[in-house]
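Chemist: Handing you a structure now.
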Amino acid sequence: MVQIVAMMKFLVNYGVELSSFLGLTAMMIPFIVSIILPFVTFITVLFVYNKMIGDNEVVVMASSGCSPAQIARPALFLAGILVAVHFVLNLWIVPMTQAKFYDTQWNLRYGLAHMKLQEGAFTEITHGLVVYVDKVSGHDLNQVMLSDMRDANSQVTIFAKTGKLVTTMRGLSIVMTDGSLHAINNGNVIGTFDTFDMDLSIAEKNNDTAFKARCMSTGALFKSLQTELGPKQYKTVMSELCNRLYAPLMNFILVAICLAVLLRSSLLRRRTSFAPAISVLCMGGVMAVFMTLSNMLTGIVDFWLLGGGIVLLMCITMVILFRK
């Protein structure tokens, strides 16, 4: 919901159609699912098995000779399937959809400015940048007046007979022909031109390292470690690799922790059980430690040590669960 609300500005500020907005929102779903999947899996298992314990179904199954491993088998099977689904999301679907999401978002923000241009009206593209067009025909403009006062020390007013909208790496530009300009930059400059290229945006398309790593394929992330990266970029890449390769295992670990606490406590046959609360605390502690360590990796050795710790935790949890 926070992501959707943050993107509502595209409907208001950029005149984006509802279909484009819904498509942009849909591209965020795989990423959101990849984040909440371990928590949803844990909550599902906690709810179902706690209800079974409350109805004494687990006690009856244990009395009939079912081992903890047999009782836990359906939940572990579900967790195994979700681990595989999570790997598919993290390794392929999320990078692809995130790359598409940010490209689409960038195009909606900086590539559709011409959709706001109205014939015979002054249009403020951004603060300090005003464009007047007498006639608009697709990407072709006639009788253009442009006033750029974004920089108080370098103000430009341009008149041109014709113009054409083109897309560049910096956003949308107007290539104007047969016109004149008046510039104020430590003095007045007045002149004419045959062709003049004016940027309508100052945004760089690839200036955000945080989401740039998220959009890269897994193979490209590993290859980037062999290049010269800054400390911040290296840390971002390592954290992204950790989330892609280790986060899916959290589905299985959280389910195993939940089952170990619930099934072991159910055999005590107490009227009041704190097992659900203990399970939630264990889940919160494990996820907090995992997310903290994944953002503190400084090298490949730390990466493999964290992986070894996750495997060790999984083994310990399974031993506790299957111990007779």
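The values are calculated or read from the model by the stated rules, or taken from the named source; none is laboratory data. Note that the coordinates shown come from a computational prediction; the quantities given were computed from them, not determined experimentally. Positions of Cβ are backbone-derived with ideal geometry, glycine not excepted, and every protein chain shown enters the neighbour counts.
Chemist: For residues in segment 299-324 being charged (D, E, K, R) and outside any helix (DSSP H, G or I), which is modelled with the highest pLDDT? Write out each step before concluding.
Modeler: Residues of segment 299-324 charged (D, E, K, R): 302, 323-324.
Next, from what is left, pick out any that are outside any helix (DSSP H, G or I): 323-324.
Details: 323: 77, 324: 66.
Top of the filtered list is 323.
Chemist: May I pose another question? Would you please name the residue that is surrounded by the most Cβ atoms within 10 Å (Cβ to Cβ), looking only at residues in segment 124-147 that are closer than 22 Å to residue 106 by Cα and touching a Leu at 6+ places or on another chain (Cβ under 7 Å)?
Modeler: 131
Chemist: Taking residue 316 as the residue in question, decide whether it is under 17 Å from residue 41 (Cα atoms) and in the same structural domain as residue 50 (by TED's automatic domain parsing).
Modeler: So residue 316 does not fit the description; no.
Chemist: For segment 275-298, what are the residues that are in a loop (DSSP other than H, G, I, E, B) and modelled with pLDDT of 85 or more? Spell out the reasoning first.
Modeler: Applying the first criterion (in a loop (DSSP other than H, G, I, E, B)) to segment 275-298 yields 295-298.
Of everything in segment 275-298, those that are in a loop (DSSP other than H, G, I, E, B) and modelled with pLDDT of 85 or more turn out to be 295, 296, 297.
Chemist: Just to verify a result, which residue in segment 148-173, among those that are of a type in the set (S, T, N, Q) and within 27 Å of residue 103 (Cβ to Cβ), is surrounded by the fewest Cβ atoms within 10 Å (Cβ to Cβ)?
Modeler: Step one: of segment 148-173, the residues of a type in the set (S, T, N, Q) are 153-155, 157, 162, 167-168, 173.
Restricting the remaining residues to those that are within 27 Å of residue 103 (Cβ to Cβ) gives 167-168, 173.
Values: 167: 13, 168: 15, 173: 18.
Filtering first and then ranking leaves 167.
Chemist: Here's a follow-up. If you go through segment 1-28, how many residues are surrounded by fewer than 13 Cβ atoms within 10 Å (Cβ to Cβ), hydrophobic (A, V, I, L, M, F, W, C) and at pLDDT 70 or above?
Modeler: Counting residues in segment 1-28 that are surrounded by fewer than 13 Cβ atoms within 10 Å (Cβ to Cβ), hydrophobic (A, V, I, L, M, F, W, C) and at pLDDT 70 or above gives 6.
Chemist: Pairs under 9 Å by beta carbon, first residue of a type in the set (D, E, K, R) in segment 76-104, partner in a helix (DSSP H, G or I), six or more apart or different chains?
Modeler: 100/215; 103/215
Chemist: Considering only residues that are over 19 Å from residue 179 (Cα atoms) and at pLDDT 80 or above, which ones fall in segment 124-136?
Modeler: Selection gives 128 alone.
Chemist: Inside segment 227-237, can you point out the residues that are closer than 13 Å to residue 216 by Cβ and either assigned to a helix (DSSP H, G or I) or aromatic (Phe, Trp, Tyr) (or both)?
Modeler: 233, 236, 237
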